[in-house]
Every structure is written in C-alpha cells, then in structure tokens.
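*Asks:* Here it is, the structure, as structure tokens.
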Amino acid sequence: MVTEQQPSSFRERKRVGVVGPGAIGTTVSALLHEAGNTPTLYGRTPRTELTLIDGDRRIVVPGPVRTDPAAQPEKADVLFLAVKATQTAAAAPWLRALCAPGTVVCVLQNGVEQIAAVRPHVPEGVEVVPAVVWFPAQSQEDGTILLRGEPRLTLPASPEAERIADVLRDTRCQVELAGDFTTLAWRKLLQNAAAGLMALTGRRAGVFTRPDFADLTLDYLKECLAVSHAEGAALSDDVPAAILARFQAFPADMSTSILTDREAGRPLEWGIRNGVISRLARRHDIHTPISDAITALLAATSDGPG
Ligand SMILES: NC(=O)C1=CN([C@@H]2O[C@H](COP(=O)(O)OP(=O)(O)OC[C@H]3O[C@@H](n4cnc5c(N)ncnc54)[C@H](OP(=O)(O)O)[C@@H]3O)[C@@H](O)[C@H]2O)C=CC1
Ligand SMILES: CC(C)(CO)C(=O)C(=O)O
C-alpha cells in the first residue's frame, strides 16, 4: 500500500514503457526495475524476461515482452523508444498504441534527427524528447546484455525532459538536462561517425591504433566538425583528436552497435550516423569528400544490392 512516508517519486509513479528491449532498452529497463519501477516491455521477439550483466550484478527484468500492438495496451506516461533508427517506422504501431495526449516519448537513439524521425508517428499532444546515450551496451550470444560503461543520458532542458529525469531519478542512470543540447548531440554524433569505420572494416576499437587508420579518422572527423559548426554546435577544434584518443584508449575489443548490426547482417544506421554529415554538408555548401566516400561504402555495405 502507498503511504505518506514513501518518497514522492514512488507516490507519483508513472506508467513507464520501453519499446525495443535490445542493448539500450534492456539497460534502461534493468535500471528502472532495480529502482523498483519495473517498466512494461514492448518488442518484436517474445521473451519472458530480460537480463543485464553489469559487472558483478545480474539484473533480471520480469517480462513478458509484449509483441502485439493491436492488443490495446495501457497508455504510457513516459515511453522510452530504443529500437534502431532503421526500425522506427516498423515500431510506429507501438507508438500509436501506447501514446495519448500528455505522453512523453524519450528517444534513446543515436543521431541528431530523432524528433523529425519520431514525431510523424505519434498523436497530437505527445512530446518527443531526444536523448544522447553515452554508454555502450552489447548483446551477447546467450541473449543477455552486457553493460560496458557508466549509464548516462543527456536530454535537452525542458519540462518534458524533467518528467523523464523524474522517472529515472532513483536509478543508477545519471541524467543531465543540457541548455546547449545541440553541441552535446553533435559531440556524440562525431563519435558515432568515427565508429562507423569499425563497421566498414569489421574490426573493433583496436583498429584505431593503426597510424594510417588514425590519420583517416582524424581527417574524417575534421569534416564532421565543420558541418557541426554550420549546424550551430559549439565544439572546439580539439574534439576530433580527443575522440580519436578515446577510441585508441578503449579496450581493443570494444564494439559499437553499428558493428554489431554488421556482424549480424542487419541493416546499418548509416543514414543517421554517417549519411547525415554529407546530407547537411550539402545544405551548407561544405565540401566533404571523405564523408561522401564513407557514406557510399556504408550504404552499399548495409543495403546492397548484390
Ligand atoms: N548499443 C549501444 O551501445 C548504443 C546504442 N545506441 C543507439 O541506441 C539505439 C538502440 O540501439 P541498440 O539497443 O544497440 O539496438 P538493438 O538492436 O540491441 O535493440 C533494438 C531492439 O528493438 C527491437 N525491435 C526491432 N523492431 C521492433 C519493432 N518493430 N517493434 C518493437 N521492437 C522492435 C529489437 O527486437 P529483436 O530482439 O527482435 O531484434 C531489439 O530488441 C540505436 O539508435 C543505437 O545507435 C546509442 C548508444 C550506445
Ligand atoms: C558505443 C557507442 C557509445 C559509441 O560508438 C555508441 O553510441 C554505439 O555503439 O552506438
């Protein structure tokens, strides 16, 4: 029974859902569950539970993962969307089924275009809030998810983002509300753009220690930086070198979700992580030959034909 002594976040508990219980969706679900606020799970593949491995912790989130959006699920107050950007359109029936005016959708996806991609799929009166997801998580062969960093999200400062932060308040997920979200989202996009090179080579972070590959990465990131400035991000000129140094310092076997997709033969998020650089560069008349070549290679790797 709920009593006056319990903390306010418990008294005012919101109906929380997670659509897309993969690497990131499982991490957020597990952190919510651990804090006593188990979300309802919505996905594509039926599962009885989700398991997150976080160091010595093994957190099992009770399911089931519901798979039928037509089954009239209860509307959510806060909905985390953690499908790949390539899967957003296919997940739209969940968005329509779970959202009502007042629902806040937190998009746990990479890129800088989350609002434009998700808003067309939600009813009027639903707020879409993008999140920068800073932590890596990897699915393992036994179906569990391995968390490989400190869970941390950045959201753009707004009343809707505060509702999301409130839901996550008692969890181990650090949430920052940023005044200059654009700059942070672009910082992460540059990191993801470089990670795209792992999907092209089929190799993990160790590949960035090759001097020739490091030079290519740096030149590519300088193009990305120029586009970020044209889009209003206030990133300093040392960001490309800092991102490269970070990849070089990662454990050599550190992966990235776009490489996981390549290894599984799934479509790649090349459009929102790499193609976006060339697309926006054209809008600003910026010459990005390295980005254009990388985009073409990733697009062909992902989508063929052949
Ligand atoms: N993994 C990482 O370390 C990071 C990922 N990101 C970003 O987070 C986003 C999610 O990535 P990630 O968690 O790795 O992706 P995953 O592929 O691990 O998870 C996606 C989940 O969505 C499910 N799904 C697919 N289609 C649908 C659908 N139509 N309806 C409902 N669920 C569906 C998948 O189901 P099924 O199990 O059937 O495939 C899977 O459970 C991406 O934008 C990625 O770039 C950001 C930072 C780090
Ligand atoms: C691991 C990380 C944080 C950087 O590439 C990521 O965003 C991803 O894997 O998609």
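*Asks:* Treating the angle as unsigned and between 0 and 90°, give the value, to the nearest 10°, between the Cα long axis of helix 239-249 and the longest Cα principal axis of the chain.
*Replies:* Once rounded, one gets 80 degrees.
*Asks:* Going by accessible area, probe 1.4 Å, with all protein chains left in place, what is the ranking of 134, 186, largest first?
*Replies:* The ranking, largest first, comes out as 134, 186.
*Asks:* Quick check for you: with a 1.4 Å probe and neighbouring chains kept, what is the accessible area per residue of the chain, in Å²?
*Replies:* Here the per-residue accessible area is 46 Å².
*Asks:* Give me the percent of accessible area attributable to carbon and sulfur for region 146-292, probe 1.4 angstrom.
*Replies:* Heavy-atom surface of region 146-292 belonging to carbon and sulfur, 1.4 Å probe: 50 percent.
*Asks:* Note down the net charge around residue 65, summing +1 for each Lys or Arg and -1 for each Asp or Glu among other residues with Cβ under 15 Å from its Cβ.
*Replies:* Every neighbour counted, the sum reads +1.
*Asks:* Further question: At a probe radius of 1.4 Å, what is the per-residue accessible area of residue 173, in Å² to the nearest 10?
*Replies:* That residue has around 10 Å² of solvent-accessible surface.
*Asks:* For the chain, I need the span (max minus min coordinate) of the C-alpha atoms along each principal axis, in Å, sorted largest to smallest.
*Replies:* For the chain, the Cα extents along the three principal axes come out at 62, 40, 39 Å.
*Asks:* Determine Rg/Rh for region 137-185; Rg is computed over alpha-carbon atoms and Rh is the Kirkwood hydrodynamic estimate from the same atoms.
*Replies:* My calculation of the ratio gives 1.10.
*Asks:* What's the extension gain from residue 230 to residue 124 if we count 0.36 nm per residue and subtract their Cα-Cα distance?
*Replies:* 35.0 nm
*Asks:* If r is the Cβ-Cβ distance from residue 219 to residue 115 and R0 is 45 Å, what FRET efficiency results, to the nearest 0.05?
*Replies:* 0.90
*Asks:* Please say if region 182-303 is rounded, prolate or oblate, where rounded means a/c under 1.5 for a ≥ b ≥ c the square roots of the C-alpha gyration tensor eigenvalues, and otherwise the choice is prolate for a/b larger than b/c and oblate otherwise?
*Replies:* oblate
*Asks:* Still on this structure, I have one more. Going by the alpha-carbon gyration tensor, a ≥ b ≥ c the square roots of its eigenvalues, is region 1-126 rounded (a/c under 1.5) or, if a/c is not under 1.5, prolate (a/b greater than b/c) versus oblate?
*Replies:* It comes out oblate by the Cα gyration axes.
The values are calculated or read from the model by the stated rules, or taken from the named source; none is laboratory data. Quick caveat: nothing in here was measured; it's all calculated off a predicted structure. We place every Cβ from the backbone using ideal geometry, glycine too, and count neighbours over all the protein chains shown. The accessibility values were calculated without ligands, DNA or RNA, using every heavy atom of the protein model including side chains. Shrake-Rupley method; radii C 1.70, N 1.55, O 1.52, S 1.80 Å.
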